[in-house]
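The values are calculated or read from the model by the stated rules, or taken from the named source; none is laboratory data. Here the structure is a predicted model, which means the values were calculated and not measured. Because the Cβ atoms are built from the backbone with ideal geometry, glycine has one as well, and the counts that use them run over all protein chains shown.
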Amino acid sequence: MVPQPSEDNHYEIFINIFNIMEKTLICELLEIKYPIIQGGMLWLATAELAAAVSNAGALGVISPLAGMEMEGDPSKNLEDQLAKINHLTNKPYGVNIPLYLEYSGILIDILLKSEVKIIITAAGSPANFTEVLRKKGIKVIHVVSSVKQAKKAESCAVDGVIAAGIEAAAHHGIDELPLFSLLPQVADAISIPVIAAGGISDARGVAAAFALGAEGVQLGTRFVAVEENIAHSNYKQAIIDAQDVDTVITCRKIVPARSLKTQFTNRLSKLEDSGASVQDLMDFIGYRRNRISQIQGHLDKGEAYCGASAGLIKEVLTVQEVVHRLVKGYEKIVKQLPQSLK
């Protein structure tokens, strides 16, 4: 966590924050230059994207389903993605494993036999696989959405947590806590490193996250609108066109999820408001329909997951440019902060 200054030395805190960009516990833990992590987007986090992020000095993350056909084999796809990324980078990278997947155990077995050193787990109990992964020397980062979950993850000996606020894209905790409230409480409650996620897309969000106790940041939506992402151009353009009110939370009867406002989410919201059952909602959402939206570009046929930060994203950039702007913008912001307090 960020060192605490004396009451009358405001400048000290900003010097500490400035120095933290390349010296956080997350940098040391994951052996990366910058404490920036790319979100493990289920259909989109390919080896090519992850390698570009890792080569830029941050931590790229691959997903077992990234780039896979609708009826593809996740195990085979994961093996293919691992083979690709090992040819594309010699930098550290991670693999995202949603624990709710019925085949998550099979995917973990594949990773235990691989050279993967970092795994990010989410949407399930960290007690399930953390011990066996850490015995293999794999670093485990677990996604949490409350202080209770963070304490549970720490008790299971994970190496760090990602505190995800309701501003983030895709699925959330049922309490829907915003990052500015969640992050400092999690940082106060546990002793392991905390990574902030949710609504961060530029250097201002990075600086704010560090000031609130984070040792790193995770960005998802910002890494959708990059040249190296396989997301359809319709999806990327919709993110760029989005303004502050153009995302919506749906599926509160199942698991809350944030997506772009589209014809699909409008129909979904009306269905929820009408009192539809969980099964009715699941039937409407369908099987893997968010792939149709995100990869095929049919935004009216599935959820186009998107964070509340979309209104800050104005252009498609390269991964290298995104990371460069985050780092240089952060340095500029922190240098200016003491003057703003005088």
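Of all residues in region 250-275, those satisfying the criterion of being farther than 18 Å from residue 174 by Cβ and part of a loop (DSSP other than H, G, I, E, B) are 261, 262, 274, 275.
Just one of the listed residues (168, 150, 127, 163) is in a loop (DSSP other than H, G, I, E, B), surrounded by 20 or more Cβ atoms within 10 Å (Cβ to Cβ) and outside the structural domain of residue 288 (by TED's automatic domain parsing), namely 168. For residue 26, the criteria (1) of a type in the set (Val, Ile, Thr); (2) in contact with a Leu (Cβ under 7 Å, 6 or more places away or on another chain); (3) outside any strand (DSSP E or B) hold in every case but one, which is (2).
Taken together, the residues in region 277-322 that are crowded, with 16+ Cβ neighbours inside 10 Å and in contact with a helix residue (DSSP H, G or I) (Cβ under 9 Å, 6 or more places away or on another chain) amount to 26. Only a single item in (1) under 16 Å from the mean Cα position of the chain (by Cα); (2) part of a loop (DSSP other than H, G, I, E, B); (3) closer than 18 Å to residue 330 by Cα is not met by residue 195, and it is number (2). When residues in region 203-226 are screened for being within 12 Å of residue 307 (Cβ to Cβ) and assigned to a loop (DSSP other than H, G, I, E, B), 3 of them pass.
The set of residues in region 68-126 that are more than 12 Å from residue 50 (Cβ to Cβ) and of a type in the set (Val, Ile, Thr) comprises 97, 106, 108, 110, 119, 121.
Answer with yes or no whether residue 163 is modelled with pLDDT of 95 or more and of a type in the set (Gly, Ala, Ser). Considered against the rule, which asks whether it is modelled with pLDDT of 95 or more and of a type in the set (Gly, Ala, Ser), residue 163 comes out as yes. Out of curiosity, is residue 297 in contact with a Ser or Thr (Cβ under 6 Å, 6 or more places away or on another chain), assigned to a loop (DSSP other than H, G, I, E, B), under 17 Å from residue 233 (Cβ atoms) and small (Gly, Ala, Ser)? Here the answer is no, as residue 297 does not meet what is asked. Does region 271-288 include one or more residues that are within 19 Å of residue 63 (Cα to Cα) and not acidic (Asp, Glu)? Checked region 271-288: at least one residue is within 19 Å of residue 63 (Cα to Cα) and not acidic (Asp, Glu).
Does region 304-312 contain any residue that is touching a Phe, Trp or Tyr at 6+ places or on another chain (Cβ under 8 Å), modelled with pLDDT of 90 or more and outside the structural domain of residue 35 (by TED's automatic domain parsing)? Within region 304-312, one or more residues are touching a Phe, Trp or Tyr at 6+ places or on another chain (Cβ under 8 Å), modelled with pLDDT of 90 or more and outside the structural domain of residue 35 (by TED's automatic domain parsing). When 200, 239 are checked against the criterion of being in the same structural domain as residue 262 (by TED's automatic domain parsing), within 18 Å of the chain's Cα centre (by Cα) and surrounded by 24 or more Cβ atoms within 10 Å (Cβ to Cβ), a single residue qualifies: 239.
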